[in-house]
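Everything below concerns the one structure shown next.
The values are calculated or read from the model by the stated rules, or taken from the named source; none is laboratory data. On a predicted model such as this, the values are computed, not experimentally measured, just so you know. To get the accessible areas, we keep the full protein, side chains included, count just its heavy atoms, and leave off ligands, DNA and RNA. Shrake-Rupley method; radii C 1.70, N 1.55, O 1.52, S 1.80 Å.
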Amino acid sequence: DIMTVMAIGNSLRAKASTALNTSSSRSHAMTLVRAKTRNRLTGEATLGQLLLIDLAGSEDAALVAPGLHQSAIQDESRHINQSLQALGEVMRAHQAKRPESEIDYRASALTRLLRQSLSHETKMMVVLHVHPGVAVRDDTRR
């Protein structure tokens with residue numbers, strides 16, 4: 001059952017209390033659903049996959065853990081922000097129609113994992129949940 005698998009995955013996800021969120025996810029999460037169907041008349045198989053991704057949000061370390069220097073939460077924030085920046089670079093390269101050979105997927109584990117899904121032949125939809133607070137507005141815009 002897919003809900004059971006997702007619950008197990010969510011229970012293994014890193015979480016911590018921060019100054020902005022008492023139950024902040026400290027990692028990205030991915031669920032891959034593959035489907036195969038066969039045409040009854042021709043016998044031709046069609047394969048598809050749906051990748052559901054919950055990205056940890058970009059965070060200003062000073063807001064997440066104010067007063068703490070080199071804390072584990074700040075280190076996590078730095079890694080989250082680096083992977084989101086790398087993903088943004090890859091998406092901008094695709095938007096600019098750069099050839100696949102010129103796109104750097106190696107900048108983060110996230111972009112390496114998503115390489116196939118980010119290729120020119122795939123379709124993508126992005127749904128954002130944006131924090132409405134004024135204190136994080138500039139961070140959201142980045």
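Could you list which residues have their amide H under 5 Å from that of S108, counting only those 5 or more apart in sequence or on another chain, with H placed in the peptide plane?
Distant-sequence amide H within range of S108: zero hits.
Rolling a 1.4 angstrom probe over the protein chains, ignoring ligands and nucleic acids, what is the accessible area of L32 in square angstrom, nearest 10?
80
Could you pull the Cα extents of the range 88-142 along its three principal axes, largest to smallest, in whole Å?
40, 22, 22
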